[in-house]
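Here is the structure we will look at.
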Amino acid sequence: MSHDTDKLLVTADILERLPPEAVEIIQILLARIEELECRLGMNPQNSSMPPSSAHPHAKESKPKRKPSGRKRGGQEGHTKHQRTLVPPEQVTETITLKPSHCRRCGWTLRGIDSEPHRHQVFELPKIRPIIPSTNGIGCGVLVATFQPPRRCSTAFRKDNPVRGSSRSRHC
């Protein structure tokens, strides 16, 4: 048997003092414990169990990484990754913010900063659909008339080399 008797606190001393029937039962039970401990670590990835037998919300146990000794986040001396500011001539709107006092020390702020801190936010314009309307003249009777050609997005135009399908019937 390959079980560890020291781990279970069953020593050879104890087994010698017990009757042979009890020793046999203990050995059977120790073998059963060892078998059950081996089955505890089984899952569908490392056994012949079907994938459906895994708990749907069970998380994979990932091995813990050894600490590298560095702090989290950007390290000192690393190159900065940020979007470059657009020149002031290309900005569509400038909002000047002038606080009345310093938020750290509370002093009253006066004057003009020659190089203020600049922050830019890129906002996309609101998308509005194009809704063409045709007006017909008549007495109310439905008459077949010329319809203007339909507009469609550039993704489905015939002159676009990258289209969804060569057989698409759009435009």
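Packing-based ranking of 84-95, 9-20 yields 9-20, 84-95, ordered from highest to lowest mean Cβ neighbour count within 10 Å. For the range 19-33, 3J(HN,Hα) computed residue by residue from phi via the Karplus equation (6.51, -1.76, 1.60; θ = phi - 60°) reads x, x, 5, 5, 4, 5, 5, 4, 5, 5, 5, 5, 5, 5, 4 Hz, glycine and proline entered as x. Approximating the spin labels as points 7 Å out from Cα along Cα→Cβ, the ALA58-to-GLN82 distance works out to 4.8 nm. The radius of gyration of the Cα set in the range 1-139, together with its Dmax, comes out at 37.4, 116 angstrom. Put the Cα centre of the range 103-122 next to the Cα centre of the range 74-89 and the gap is 20 Å.
All of the numbers you see were taken from the coordinates with simple rules; none came from a lab. This one's a predicted model, so the numbers in the text were calculated from it and none came from an experiment. Here the Cβ is made from the backbone with ideal geometry for all residues, glycine too, and neighbour counts use every protein chain on show.
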